[in-house]
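Trainee: Please read through the structure below; I'll follow up with questions.
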Amino acid sequence: MRVGGVAAFVGLGSNLGQPERQVRQALLELDGLADSRLTGHSPLYGSSPVGPPGQPDYVNAVARLETSLDAHALLDALQAVELSHGRVRGERWGARTLDLDLLLYGDRQIDTPDLKVPHPQLHLRAFVLVPLHDLAPDLELPGLGPLVDQLPRRPGRDLWRLPESADG
């Protein structure tokens with residue numbers, strides 16, 4: 001497997017169908033993507049849902065990939081993994097078996113109809129920022145500056161690190 005030198009960060013989330021298991025399995029599948037390899041991931045976190053009320057809590061993590069895929073090909077591969085987990089795109093911010101968001105692709109800023117990088121909500125979401133910081137504390141966010149400057153002062157009760165036994 002030939003893998004290039006672009007570091008890409010992917011946000012993972014699930015709140016249906018055994019969320020911890022979905023996220024763990026997705027991490028294994030990310031490591032198996034063509035022309036890519038998993039080079040690290042954050043601990044798993046629980047988070048309160050954003051969006052429609054009445055959803056179960058989420059399990060979230062962030063993964064770092066080294067990839068030679070271009071950003072759009074990587075997005076296609078991520079969406080194929082989502083589909084393999086039964087992902088149905090319906091209600092915006094609704095419950096889902098698996099959500100994989102391309103958060104960062106090297107230091108590139110991408111703005112096309114089907115892909116925006118950095119992810120447009122990245123800097124607003126503790127459930128992305130905190131695990132991203134666990135994984136890459138010195139990261140610079142293209143167009144936003146140092147990751148550490150974006151971190152919430154107090155993540156609050158809406159985000160909690162899952163116990164080590166649950167994080168495997």
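Trainee: Tally Lys and Arg at +1 and Asp and Glu at -1 over the other residues with C-beta under 12 Å from the C-beta of LEU115: what net charge comes out?
Mentor: On the way: positive: ARG108, LYS116; negative: ASP70, ASP76, ASP101, ASP111, ASP114.
Combined, the nearby Lys, Arg, Asp and Glu give -3.
Trainee: Which value, in Å², gives the accessible area per residue of the chain when a 1.4 Å probe is used on the protein heavy atoms? Each step should come with its number before you reach the end.
Mentor: Details: 8540 Å² over 168 residues.
For the chain, the per-residue accessible area is 51 Å².
Trainee: If you don't mind, there's one more thing I want to ask. Would you mind computing, in nm to one decimal, how far apart the modelled labels at GLU20 and ALA73 are, each placed 7 Å from Cα along Cα→Cβ?
Mentor: 3.7
Trainee: To continue, here is another question. I'd like the FRET efficiency for ARG108 and LEU28, computed as 1/(1 + (r/R0)^6) with the beta carbon distance as r and R0 of 25 Å, rounded to 0.05.
Mentor: Values: r = 26 Å, r/R0 = 1.06.
Step by step, r from the Cβ atoms, then E = 0.40.
Trainee: Here's another thing I want to ask about it. Tell me the carbon and sulfur percent of the accessible area for the chain, rounded to whole percent, probe radius 1.4 Å. Walk me through the intermediate numbers first.
Mentor: Details: 4340 of 8540 Å².
The value for the chain is 51 percent carbon and sulfur by accessible area.
Trainee: Hey, another quick one. Report, in order of residue number, the helices in the chain meeting two criteria: a C-alpha extent of 15 Å or more along the helix axis, and a mean Kyte-Doolittle hydropathy of at least -0.5; treat each whole DSSP H run as one helix. Intermediate values should be presented prior to the final figure.
Mentor: Values: long enough: 19-31 (18 Å, -0.82); 71-84 (20 Å, 0.86).
Span-like helices, by this rule, are 71-84.
Trainee: In deg cm²/dmol and to the nearest 500, what is the mean residue ellipticity at 222 nm of the chain if only DSSP H runs of at least 4 residues count, each as -39500 (n - 2.57), divided by the residue total? Don't jump to the answer; show the numbers that get you there.
Mentor: Details: 5 runs with 45 residues, N = 168.
After summing the helix terms and dividing by residue count, I get -7500 deg cm²/dmol.
Trainee: I would also like to ask the following. Taking 8 Å as the Cα distance limit and 6 or more residues as the minimum spacing, I'd like the relative contact order of the chain as a percentage.
Mentor: Values: 321 pairs, mean separation 47.2, N = 168.
In percent, rounded to a whole number, it is 28.
Trainee: Go from 0 up to the bin containing the longest alpha carbon distance in region 58-137, width 5 Å each, and give me the % of pairs per bin.
Mentor: That works out to 3, 13, 22, 27, 23, 10, 1, in percent per bin.
Trainee: Heavy atoms only, probe 1.4 angstrom, no DNA, RNA or ligands counted: give me ARG96, ARG108 ranked by accessible area, highest first. Don't skip to the answer; put the middle values down first.
Mentor: Working: ARG96 30, ARG108 115 Å².
Result of the area sort, largest leading: ARG108, ARG96.
Trainee: Where in region 24-61 does the label zone of TRP160 land, with the point 7 angstrom along Cα→C-beta and an amide N cut-off under 18 Å?
Mentor: Label zone hits: 43-50, 54-61.
Trainee: For the chain, build the convex hull from the C-alpha positions and give me its volume per residue in Å³.
Mentor: Details: hull volume 18.6 nm³, N = 168.
Dividing the Cα hull volume of the chain by its residues yields 111 Å³.
Trainee: Want the number for ASP149 to GLU66: 0.36 nm per residue separation, take away the alpha-carbon distance, what's left?
Mentor: On the way: separation 83, 0.36 × 83 = 29.88 nm, distance 2.48 nm.
Result for the pair: 27.4 nm of gain on full extension.
The values are calculated or read from the model by the stated rules, or taken from the named source; none is laboratory data. As the structure is a computational prediction, the values presented were derived from the model and not from experiment. Using ideal geometry, Cβ is built from the backbone for each residue, glycine included, and neighbour counts are taken over all protein chains shown. In case anyone asks, the SASA skips ligands and DNA or RNA and just uses the protein heavy atoms, side chains included. Shrake-Rupley method; radii C 1.70, N 1.55, O 1.52, S 1.80 Å.
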